[in-house]
Structure formats: C-alpha cells, structure tokens
Amino acid sequence: MQLLKNRILKDGECLEGGILKVDHFINHQLDPALMKAMSVEFIRLYSSSNINKIVTIEASGIAPAIILGYLLDLPVVFAKKNAPNTIKNAYSTRVHSFTKNKDYEVVISKELLNEEDRILFIDDFLAYGNSAMGIINLIEQANATLVGMGFLIEKGFQKGRERLEKAGVRVESLAIIEDLSNQQIVLKD
C-alpha cells in the first residue's frame, strides 16, 4: 500500500536493534485518515472471506481493528495481555513480546469466541509471529475458524510470515520492511 509506505519513509524512524518507530501515525499518535485507508485495503483483500468477527491484541492493533470493524459492521475482540479479575472463564496462552522482551499471559473470554466465528486477525506489526501464533492458539481453543491475518507493517527479515504460512495461515501485510540495518528503512516494492 503506497500511502502507508510513503508515510513510513517520511515519518518512521529506525532505531538500533531492528526497531521501527512509527509512533507519530500508528501506535502512539494515530492518523485516522490513514487508519481508514488501511482498513479499506483490508476490506478489499478479504472481501470474499465471510468474516463475522475481527480479533486483535492490545494495544496497537486496537485502532485499525476498530475502524475495520466499524466499516464492516462487525464486532471487534481484543486479546488482553494479563487476565483481569473480571474475566473468570477465558482461553489463555503465553506470548513473548519482541519489543518489550517479556512474556505475557494473553486471554480472551470464552463468551466472546466460539465455533461459529470466522475471524480476521489484525495487528500493527508482524515480526517473529509470536503474538500471531498466540492468537492462533486461542482461536483453536475456541474451535473457531481463522480466515486470515492482516498486518499494517511486516518486518520481512524476521520470518514471521514463513512461520504463519507454514501453519497454513493466509497473511496479508500492507507494507513489508526488507531491512533496517544501519538504521535505514528499506521497503519491499
């Protein structure tokens, strides 16, 4: 998606260790027009998939998932990192965060996922695929159907796509980063 690629090159920042900072438009300050455009692109990509629920993981996947859910008139469920006291009966799995270098217990209430759900997972980044694999586990526990996974930005060099595709998952990314070495952003055409 050229609009997103242009924005990454204009306002993204490459930090040491392969970190792409996009907090001026995706995961701290949000650009609603860009979020809408990205959601419209996911609608185009998954238009024939009979999705009935959008799932994401807190926190940065929530904004694009909400806009997509609004445009499709579908419910949005976000997996919570660390189970709150208010959720007593939940699907649960452990996920390692690359960015924060820590493990989380990720949960979704059993009331919110079931075998009738056809799910599109949306998140801001695909790196190693840890969060995505955790979500796959939760969806499998619910006997729901994962239609596909959509990511705003994929770090192609971290091989998360290969991991997900090996698990039989359809993966769509709106922008793919080929390299972040030398603190330079290199995008795939």
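The values are calculated or read from the model by the stated rules, or taken from the named source; none is laboratory data. None of the values given here were measured: they were computed from a predicted structure. Neighbour counts run over all protein chains shown; Cβ positions are idealised from the backbone, glycine included. Ligands, DNA and RNA are excluded from the accessible area calculation, which covers all protein heavy atoms including side chains. Shrake-Rupley method; radii C 1.70, N 1.55, O 1.52, S 1.80 Å.
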Which trypsin sites (Lys or Arg not before Pro) does region 32-103 hold that lie in a coil by DSSP with at most 15 other beta carbons within 10 Å? Lys88, Lys100
Whole-percent carbon and sulfur share, accessible surface of the chain, 1.4 Å: 46 percent
Under 16 Å between C-alpha atoms is the cut-off here; go through region 51-189 and count lysine pairs that meet it, provided they're at least eight residues apart or on different chains. 11
Roughly how many Å² is the accessible area per residue of the chain, as a whole number, for a 1.4 Å probe? 51 Å²
Lys188 to Ser97: extension gain in nm, 0.36 nm per residue of separation minus the Cα-Cα distance? 30.3 nm
Taking the chain as a Gaussian network, Cα atoms linked when under 10 Å apart, which of Pro32, Pro75, Pro84 shows the biggest mean-square fluctuation? Pro84
Net dipole in debye of the chain [+1 Lys, Arg Cβ; -1 Asp, Glu Cβ; about Cα centre; nearest 20]: 160 debye
How high is the relative contact order of region 1-159? Use alpha-carbon pairs under 8 Å, at least six apart in sequence, and give a whole percent. 19 percent
Two-site label geometry, Ala83 and Glu165: point separation in nm, points 7 Å out along Cα→Cβ: 3.6 nm
Amide H partners (placed H, <5 Å) of Lys53, local residues excluded: Arg118, Leu120
If exposed means GluC sites (Glu not before Pro) lying in a DSSP loop and surrounded by at most 16 other beta carbons within 10 Å, then the longest stretch of the chain lacking such sites spans residues 117-189
What nm distance separates the two modelled labels at His28 and Lys10, each placed 7 Å from Cα along Cα→Cβ? 1.9 nm
Please work out how much accessible surface Phe157 shows to a 1.4 Å probe, ignoring ligands, DNA and RNA, in Å² rounded to 10. 70 Å²
Using the Cα atoms of the chain, I'd like the radius of gyration and the largest Cα-Cα distance, Dmax, both in angstrom. 15.8, 47
